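Here, each number is a calculation from the coordinates, and none is a lab measurement. Values in this document were obtained by computation on a predicted structure and should not be read as measured data.
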Amino acid sequence: MNGPAPSTASLTARRSAGPQGTRLFTAEELRRHAAELALPEDDISVARPVLEGRSPGLKGLRFALRNGKQTVGRRGDNDVILGDASVSASHAWIIHQHGQCVITNTLSTNGTFVNGRRIHQAVLRHGDRVRFGHAELVFLTREPGAGRLRRIAAIAAGVVVLAGLSVLGWQLV
């Protein structure tokens, strides 16, 4: 009892739960966890959608959404862990089945929003902006710009076919 008082650093290191019993993570622990869940870019599809971070601290991080129910929140036992103080310990569920993802707010303090609208439940579509408290992500079922590249390729193919028909028509005349 009369020994030296523990340092603030050692008290913080031993502290594993914050207020309301939530687990506290260091920024490095969150980065390491996100890196474990990171996907190669070519794996995104309707069958393998992702949430990609947009807000500071999450920018560029991708969270794969597997089939079934995933939990989203600040607590360490969630499938998608968001280390933002505005995110509730257990904030929302995302259920992915039959090529569709449905997001449900689970009575979070700061709400769940899709494209700026507060929701209780919503079906997610490619490009939807999803916000849990102040943590913003985007829902992706294909790589950004993939639709534009397909349109450009279709136009280029059309030009080539038209040019080929013009040459053929010119030779027949």
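So here's what we get for this one:
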read-out	value
Interchain or long-range residues, amide H under 5 Å from Gln121's placed H	Asn105
Karplus-derived 3J(HN,Hα), 6.51/-1.76/1.60, for each residue of the stretch 110-117, Hz, glycine and proline x	9, x, 10, 10, 10, 6, x, 9
